[in-house]
């Protein structure tokens, strides 16, 4: 099986339709313009850089319309895009560059010093900057596009197993791994999430998740191009500007728990109306029940889901209007995905029992870049080991309990931090909360809560522990509370528990 050039098709079917809006600059491109600009980049890559199919181009830049032109330009040129996390330090980026061995680097001027250092260390000669007047020897993006013929460049039909781009994991369990993203993964994700939320060409989706992350590319920007809608790309999340875009332009958004939390804490939230918005969804990390209820009180139903970089990402999304008793569930597996819950020996578990979530389907990655050992450990007979603890109820609804590695054992009992965090979030004074397990002489491990208090509020450890005691079994109650100014989060908005453990060790 194969997939076609969506931009070429939409340019023909919808010649006057706006495809892409850059929120930071106000630039707007129709499908024909988007298609042409991506084609011009493909021409430059072939003609000037003389890259061959399968060569890699690295991209170090924040979200913009340029990002998607480059993504699709690479598809048309048959080269692989390596999406770099601009939040990483130079040594971390150097490791990824040496692993991916790109033949060229495109960068935003904000990262010129880092790009120059990477080029020197790796001996890279093909450089391009997203600015009008880059240093000597560096191509200018707009000039490169202007040098093209303007003739349509249509991507040949691509096999679903062919790699389109590579996304590197956060590396919380070791060095970052390059997750292969195939044309099939992008295609089946467009089907899975598009059908789940009823995405159509009338939709205007807002993307604020970073494009070096699967959410930034595929929730919902690429699926929007699949149906011929309009995608707004926000350079970075800024609560006030995001609220304005949601109130005035967008019809659908996918965000992470942290985004919804910060939006709800913005002074404009209560007085903002969202007349155009028809679909709100979230994933990436468990969203506290109290936060879901805050939005419900505002007339907003957030559909919570689950996915991974390795799954394209869509696996689950709860349907609209689900029974209130299912609040916090991720729903049921979407159309083109299959799942299992197994014990440590790989045996399937019945409803009500917690185990590891396994995932299979055409949206699952074929593996990791140049890591057959890691691929073999993660994928068994097509089943991806997610590393997440899940449970299925009698009605077939799934709940992601926590990360398998974040669970700790206290007095012989399993404790899932997300469950405890959900209870702590019930306290009105709590802005953010996270729980880790720490060594204890009597119980092996006990919980320690890290809490951020809302501005102008007061909260003590005794109150937090007392509230948990009223809601949880004794072994789940944190034995200590640490108050901090903020929690460490990664690009997906997830709390980085390893950093919390390091902070705790250094106290």
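The values are calculated or read from the model by the stated rules, or taken from the named source; none is laboratory data. Only a predicted model underlies this, so the values are computations on that prediction, with no experimental measurement involved. Cβ coordinates were reconstructed from backbone atoms using ideal geometry, including for glycine residues, and neighbour counts include every protein chain displayed.
Just to check your reading of the model, which residue among 258, 202 is in contact (Cβ under 8 Å) with a residue 24 or more places away in the chain, surrounded by fewer than 24 Cβ atoms within 10 Å (Cβ to Cβ) and in a helix (DSSP H, G or I)?
That would be 258, the only listed residue that is in contact (Cβ under 8 Å) with a residue 24 or more places away in the chain, surrounded by fewer than 24 Cβ atoms within 10 Å (Cβ to Cβ) and in a helix (DSSP H, G or I).
Under 7 Å between Cβ atoms, which residue pairs at least 6 apart in sequence (or on different chains) link something in region 286-310 that is farther than 19 Å from residue 266 by Cα and in the same structural domain as residue 433 (by TED's automatic domain parsing) with a partner that is at pLDDT 90 or above and not in a helix (DSSP H, G or I)?
none
Since residue 113 meets every condition but one in (1) without any contact (Cβ under 8 Å) to a residue 12 or more places away in the chain; (2) under 23 Å from the mean Cα position of the chain (by Cα), which condition does it not meet?
Here residue 113 clears every test but (2).
Name the one entry in 319, 270 that is within 22 Å of the chain's Cα centre (by Cα), outside the structural domain of residue 161 (by TED's automatic domain parsing) and surrounded by fewer than 22 Cβ atoms within 10 Å (Cβ to Cβ).
319
Considering each residue of region 74-89, count those that are touching a residue at least 12 places away in the same chain (Cβ under 8 Å) and within 22 Å of the chain's Cα centre (by Cα), and give that number. I'd like the intermediate steps shown before the answer.
Taking region 74-89 and keeping what is touching a residue at least 12 places away in the same chain (Cβ under 8 Å), we get 74-87.
Filter again for within 22 Å of the chain's Cα centre (by Cα), leaving 74-75, 80-87.
Number of matching residues: 10.
Just for strands (runs of 3 or more DSSP E) wholly inside region 399-507: which have at least 3 residues that are crowded, with 16+ Cβ neighbours inside 10 Å?
430-440, 444-453
Does residue 230 satisfy being over 22 Å from residue 62 (Cα atoms), in contact (Cβ under 8 Å) with a residue 24 or more places away in the chain and touching a helix residue (DSSP H, G or I) at 6+ places or on another chain (Cβ under 8 Å)?
no
All but one of (1) at pLDDT below 95; (2) touching a helix residue (DSSP H, G or I) at 6+ places or on another chain (Cβ under 8 Å) hold for residue 480; which doesn't?
Of (1) at pLDDT below 95; (2) touching a helix residue (DSSP H, G or I) at 6+ places or on another chain (Cβ under 8 Å), only one is false for residue 480: (1).
Give me the helices (runs of 4 or more DSSP H) completely within region 70-163, filtered to those with at least 2 residues that are touching a helix residue (DSSP H, G or I) at 6+ places or on another chain (Cβ under 8 Å) and more than 29 Å from residue 311 (Cβ to Cβ), ordered by residue number. Steps first, answer last, please.
Working: elements: 90-100, 112-122, 141-146.
Correct list: 112-122, 141-146.
For region 362-387, what are the residues that are in contact with a helix residue (DSSP H, G or I) (Cβ under 6 Å, 6 or more places away or on another chain) and in contact (Cβ under 8 Å) with a residue 40 or more places away in the chain?
Passing the criteria: 362, 363, 364, 365, 367, 368, 384.
Of the conditions (1) farther than 30 Å from residue 123 by Cβ; (2) assigned by TED's automatic domain parsing to the domain that holds residue 143, residue 61 clears all except one; give me its number.
Of the numbered conditions (1) farther than 30 Å from residue 123 by Cβ; (2) assigned by TED's automatic domain parsing to the domain that holds residue 143, the odd one out for residue 61 is (1).
Please pick out the residue among 341, 359 that is out of contact with any helix residue (DSSP H, G or I) (no Cβ under 9 Å at 6 or more places or on another chain), free of Cβ contacts under 8 Å to residues at least 60 places away in the same chain, under 29 Å from residue 433 (Cβ atoms) and surrounded by 17 or more Cβ atoms within 10 Å (Cβ to Cβ).
341
Using the structure shown, decide if residue 62 is surrounded by fewer than 23 Cβ atoms within 10 Å (Cβ to Cβ), modelled with pLDDT of 95 or more, in a loop (DSSP other than H, G, I, E, B) and under 26 Å from the mean Cα position of the chain (by Cα).
Against the criterion (surrounded by fewer than 23 Cβ atoms within 10 Å (Cβ to Cβ), modelled with pLDDT of 95 or more, in a loop (DSSP other than H, G, I, E, B) and under 26 Å from the mean Cα position of the chain (by Cα)), residue 62 qualifies.
Go through region 353-380 and report how many residues are in a loop (DSSP other than H, G, I, E, B) and farther than 26 Å from residue 192 by Cα.
Qualifying residue count for the region: 3.
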